[in-house]
1. How large is ³J(HN,Hα) for each residue in the range 134-144, as worked out from phi by the Karplus curve 6.51 cos²θ - 1.76 cosθ + 1.60 (θ = phi - 60°), to whole Hz, x for Gly and Pro?
2. Counting other Cβ atoms within 10 Å, keep those with at most 11, restrict to DSSP loop, and tell me which GluC sites (Glu not before Pro) in the range 115-198 are left.
3. Looking at the range 69-153, which trypsin sites (Lys or Arg not before Pro) are DSSP coil and have at most 10 other C-beta atoms within 10 Å of their C-beta?
4. Considering the alpha-carbon set of the range 66-219 alone, what are its Rg and its Dmax in angstrom?
5. Using a Förster radius of 41 Å, what is the FRET efficiency between HIS53 and ASP193 based on their Cβ-Cβ separation? Nearest 0.05, please.
6. For the pair ASP167/ASP119, report the inter-label distance in nm, with labels modelled 7 Å from Cα in the Cβ direction.
7. By how many nm would the segment from ASP103 to GLN222 lengthen if fully extended, with 0.36 nm per residue of separation less the alpha-carbon distance?
Amino acid sequence: MPVGICRLCLEDRELQDSHLYPRSLYKALQNEDGGNPNPVLLTTEKFVQKSGHIKDYVLCHDCEQRLNRYGENWVTRHAFNGRDFPLREILRGYPPVEPTQDDRLVPYAGAEISEIDIDSLIFFGISLFWRASAHEWTLLDTKIQLPLDAHEEQLRLCLLGKVPIPDDVCMNIMVCSHDAPCRSFSALGPLGDPAGERKYLIMLAGLNFMLNVESAHFGDYQWSTTHSPHRYIYTSSSFELMNTYLTASAFLKQKGLDAKWRLHLEL
Ligand SMILES: [Zn+2]
C-alpha cells in the first residue's frame, strides 16, 4: 500500500484504497434480475455499463475504521440494499411529526425513534460531503469533486469529534418512500452561489443527503436534520425526481444549453 498524508487525520500513514461511494452499499447499485448486473455510469461525456467503483488512496486504516464505526456500519445495515430497506420500514411504523397534504416530504422526529441511530446517519452524511470535497475522485473520464472550500476543514474537524457541526452548515436527510427506490448514485454541487449560499446533494441507496451551506434562511436550520432539536428525517416520494431534474440541469448547463430548457424538465 502506498504511504502518504491521510486526508482525515493529516498523518503520514499507509493509505487504504478508499471509496467515495461506500463499497458496503454497492449492492443497491447492482441489478440482480439477470443480465448485466453493473450500474449505468453517466458522466458528461460517456454513458456506459460497468462496475465503476470510485476509489483512490485517500485515508489511513484508523480513519477508515472511524468512518465505519460512527456512520457507515449502521447505515449499511439500514439503507436500501437492492431488496430490503430497513430504515424505510422503521419510519412506516411511526406517525409523522405533523400531517402533510401529500407524500412528497413527510417529517419524522428522528431523535425520538429508538430504532434509528440518527447520529450515525448524520455522521455518515457529513462524511460523504467531506469525502467529495477533500479529494478529486475519478469516474471514467470525469473528475468528481464537490468543493466546500473553508467548510471542508470544519467538516474534517467535525468528523474527528473536535468541533460540533458548524452553525452555517446544515443537512437534511430524506428516505425514499417508493417500494422500489432508484438504484443510483448522484453527487451534485455546488448549486447556487459558489461563494455564498449554496446546496450540495448526494443520493445513494434510497437516501438523499442535502447540505445547505451559508443559508440565510432560518427555516433551513429549523427544519434540518442536523440543527432541529427533534432531528427531523423525511420520507419523500419525489426526491428521485428532484435528483433527476438536478442531474439533467447540471448536464445541460455543461453543454451550454439555455436555462429555459432546464425549467421544462421540472415538469
Ligand atoms: Zn488517518
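All of the numbers you see were taken from the coordinates with simple rules; none came from a lab. All values derive from a computational prediction rather than experimental measurement. Virtual Cβ from ideal backbone geometry, glycine too; neighbours counted across all protein chains shown.
1. Each residue of the range 134-144 in turn: 6, 8, 8, 8, 10, 10, 6, 8, 10, 8, 10 Hz.
2. Answer by residue number: GLU136.
3. ARG83
4. Using the Cα atoms of the range 66-219, the pair Rg, Dmax is 15.8, 46 Å.
5. Working: r = 33 Å, r/R0 = 0.80.
Here the calculated transfer efficiency is 0.80.
6. Taking the two extended label points, one gets 2.3 nm.
7. 40.8 nm
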